[in-house]
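Engineer: Quick one: the structure is below, and I'll ask about it shortly.
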Amino acid sequence: MNNAQQTLRRHNRLQRTAGLVVALVTAGALSAVPAFAAPAAPGAAQSTGMFVPKDPMAAVAAMQPSWNLGNTLDAIPDETSWGNPLTTKALFDRIKAEGFRSVRIPVTWSGHQSATAPYTIDPVWMARVRQVVDLALADGLYVEINVHHDSWQWINKMSTDHDNVLARFNATWQQIATAFKDEPRKLLMESINEPQFADATDAQKTQYLRELNTSFHSIVRGSGGVNKDRLLVLPSEETNNAQHWLDDLSTTMSSLHDRNLVATVHYYSFWPFSVNVANGTTYDAKVQADLTEGFARVHDTFVAKGIPVYLGEYGLLSEPNSGIVERGEMLKYYEHVNYVARANGITTALWDDANYLNRATMQWRDPDLMALIKSSWRTRSGTASTDNLFLPKSGPVTAQTVTLNRNGLWFAGLWQGDRPLIPFLDYTLDGDRLTLTASALTRLAGDRAHGVNATLQVRYSGGVPWQLNVRTAEQPVLSDAAGTADGLTIPTRFNGDLLANVESTYADGTAAGPYGWTTFQEFNNYAADYGTDTTTVRANFLASLKDDAPVMLTFRFWSGATVTYHVTKSGTTVSGTAS
């Protein structure tokens, strides 16, 4: 993960027709997908042996699924600087018990290394990295280490300080390779995380990365011990899946004539969706195509030619429980990314900076999301066009229809808790159109209090059920407010609704906010707090506004409701007025 992504993620804490039908449909099976051996079930005993298949494809397949020890040894300057505790064996015990077979341990060396020749790494730091690696290996996990945030701290200056950067890079890997040369082959080494080069042309970027990857390969192979045939991981430029960068990496790998090489890319979804900008609120066809086409390129360039691929990081650029990406849309992405990777023979490593696993309690912060992710290692889960059905606070309730995304599965009924809803009485199914009747929704809504009145499960013949919330909402209300350039907090009666995004324009219709190319700024500019009934317009958005130029904010909600609001900044004073 690069500097901009890391900063964003750190500051963002910154997804039946009764019993007879179930018996019938669960016999349906997903069509076969080229895949890895199924991960061990959580809690199952796993071998702690150090055997690694000689075939690199088989070895990387054996690493599936993988997990990142993010914001830890890569933190700046020290292991606990970004809020995580010291790493213990109990953490890896937990990761292993959850079914993971490998861990990526990002390491930033710069804060523990001389910035001038001979670029000596602090032996205490080297010993700590070795200790953490050994803790993971002791659990029988595959482990990958790398040179991480150094990529943007000093390696990116290669265009203006070429010789010194190369000398430091070489010295860094000479020391790492020597320190770890006798570790078992279950340890992999990755040359550099998300390589990037400032003030360089595309041709220069290709040259610099090829130079670094080639030098890394030569140093590690020449250091002896197990390093002579250890699996070495080489990234594309920025670990991006653009074809020209994949081709560059392929050319480099071919030139090395070494079968024990692994290609790596990262994936954080289509950017407008990943951060909810430019009206990118849904996991629509364009977002899905970004995934499927990108992974197909990776497959065709490497996997199809017998070169294993390690998806060293995946996730979203917004944290799972931030609300930036709507929960149901987020769940669709996580289900899909793991399926598409599996179908293309790519091993996946979840980026976890402790926003998934709470390292203090060793519990998942979002067990339902993790259940979906774990299920996607083996099979598909069905989803639907929405996870919320909005009902009016007063007046008649009408039938509502959702479209099922079966993903190759059979519909196995609609349930509330342990009670199946009744076909034709409570719902009808016409192809993939599931319609809840007005009478069922009226019953489920009860007194129609604001918010979630009932939670249903759309069950399929496999995978994790899709949660469908029956919600009551009425028009949200925003009130006048006064604040400063540090932030404007607006009293907000959400009335059971959920904020989707905000459109911001000046009086002439042009975009207001940090981005002039879209009127829908990043969702992170606003913070909807449903517990305190407030919406905060954040400082970074306010700082971009023109003085004394009123801005119209159009708050758009998932029910379809909209609210217009006017904000004016004058120096350090900000005022907000309800329309």
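The values are calculated or read from the model by the stated rules, or taken from the named source; none is laboratory data. A quick note: this is a predicted structure, and the numbers were derived from the prediction, not measured. Cβ coordinates were reconstructed from backbone atoms using ideal geometry, including for glycine residues, and neighbour counts include every protein chain displayed. Only protein heavy atoms, including side chains, enter the accessible area calculation; ligands, DNA and RNA are left aside. Shrake-Rupley method; radii C 1.70, N 1.55, O 1.52, S 1.80 Å.
Engineer: Of everything in segment 374-422 that's of a type in the set (Ser, Thr, Tyr) and part of a loop (DSSP other than H, G, I, E, B), which residue is farthest from residue 342 (Cα to Cα)? Step through it out loud before you land on a result.
Structural biologist: So in segment 374-422, the residues of a type in the set (Ser, Thr, Tyr) come out as 375-376, 379, 381, 383, 385-386, 394, 398, 401, 403.
From what's left, part of a loop (DSSP other than H, G, I, E, B): 379, 381, 385-386, 394, 398.
Working: 379: 9, 381: 14, 385: 23, 386: 25, 394: 47, 398: 41 Å.
So, considering only residues that are of a type in the set (Ser, Thr, Tyr) and part of a loop (DSSP other than H, G, I, E, B), the one farthest from residue 342 (Cα to Cα) is 394.
Engineer: Being outside any strand (DSSP E or B), among the small types (Gly, Ala, Ser) and either closer than 24 Å to residue 206 by Cα or under 16 Å from the mean Cα position of the chain (by Cα) (or both) is the filter here, so list the residues in segment 250-279 that pass it. Give the steps one after another, and end with the answer.
Structural biologist: Taking segment 250-279 first, the residues outside any strand (DSSP E or B) are 250-260, 268-279.
This time we only want the ones that are among the small types (Gly, Ala, Ser), so: 250, 254-255, 269, 274, 278.
Answer for segment 250-279, where residues must be outside any strand (DSSP E or B), among the small types (Gly, Ala, Ser) and either closer than 24 Å to residue 206 by Cα or under 16 Å from the mean Cα position of the chain (by Cα) (or both): 250, 254, 255, 269, 274.
Engineer: Further, regarding this structure: Residue 76 fails exactly one of the following numbered conditions: (1) open to solvent by 30 Å² or more (accessible area, probe 1.4 Å); (2) of a type in the set (A, V, I, L, M, F, W, C); (3) at pLDDT below 95. What is the number of that condition?
Structural biologist: Condition not satisfied by residue 76: (3).
Engineer: Within segment 449-467, track down each residue that is surrounded by 22 or more Cβ atoms within 10 Å (Cβ to Cβ) and closer than 25 Å to residue 499 by Cβ.
Structural biologist: Hits for segment 449-467 are 456, 458, 466.
Engineer: Further question: Here are the criteria: (1) more than 24 Å from residue 346 (Cα to Cα); (2) part of a loop (DSSP other than H, G, I, E, B); (3) open to solvent by 40 Å² or more (accessible area, probe 1.4 Å). Tell me which single one residue 108 does not satisfy.
Structural biologist: Residue 108 satisfies all of (1) more than 24 Å from residue 346 (Cα to Cα); (2) part of a loop (DSSP other than H, G, I, E, B); (3) open to solvent by 40 Å² or more (accessible area, probe 1.4 Å) except (3).
Engineer: Considering segment 435-444 alone, what residues qualify as being open to solvent by less than 50 Å² (accessible area, probe 1.4 Å) and either over 25 Å from residue 405 (Cβ atoms) or not small (Gly, Ala, Ser) (or both)? Break it down stepwise before answering.
Structural biologist: Quick first cut of segment 435-444, residues open to solvent by less than 50 Å² (accessible area, probe 1.4 Å) only: 435-438, 440-441, 444.
435, 436, 437, 441, 444 - these are the residues of segment 435-444 that are open to solvent by less than 50 Å² (accessible area, probe 1.4 Å) and either over 25 Å from residue 405 (Cβ atoms) or not small (Gly, Ala, Ser) (or both).
Engineer: Can you find, within segment 429-444, the residue that is farthest from residue 393 (Cα to Cα) among those that are in a loop (DSSP other than H, G, I, E, B) and in contact with a strand residue (DSSP E or B) (Cβ under 8 Å, 6 or more places away or on another chain)? Before the answer, list the steps.
Structural biologist: Within segment 429-444, the first condition is being in a loop (DSSP other than H, G, I, E, B), and the residues that meet it are 431-432, 437.
Filter once more, so that each one left must be in contact with a strand residue (DSSP E or B) (Cβ under 8 Å, 6 or more places away or on another chain): 432, 437.
On the way: 432: 28, 437: 17 Å.
Taking the candidates together, the pick is 432.
Engineer: Any chance you could count how many residues in segment 203-240 are over 24 Å from residue 59 (Cβ atoms) and either of a type in the set (Lys, Arg) or at pLDDT below 95 (or both)?
Structural biologist: Result for segment 203-240: 2.
Engineer: Now for a separate question. Quickly run through segment 471-489 and pick out the residues that are aliphatic (A, V, I, L, M) and surrounded by fewer than 21 Cβ atoms within 10 Å (Cβ to Cβ). Outline the logic, then answer.
Structural biologist: So in segment 471-489, the residues aliphatic (A, V, I, L, M) come out as 473, 477-478, 481-482, 485, 488.
Matches in segment 471-489: 477, 482, 485.
Engineer: Another question, if that's okay. Against the definition (more than 22 Å from the chain's Cα centre (by Cα) and at pLDDT below 95), how does residue 29 come out, yes or no?
Structural biologist: Working: more than 22 Å from the chain's Cα centre (by Cα): yes; at pLDDT below 95: yes.
It is true that residue 29 is more than 22 Å from the chain's Cα centre (by Cα) and at pLDDT below 95.
Engineer: Related question: Please specify each residue of segment 343-391 satisfying the condition of being open to solvent by 10 Å² or more (accessible area, probe 1.4 Å), under 30 Å from residue 57 (Cα atoms) and over 16 Å from the mean Cα position of the chain (by Cα).
Structural biologist: 343, 344, 345, 375, 378, 379, 380
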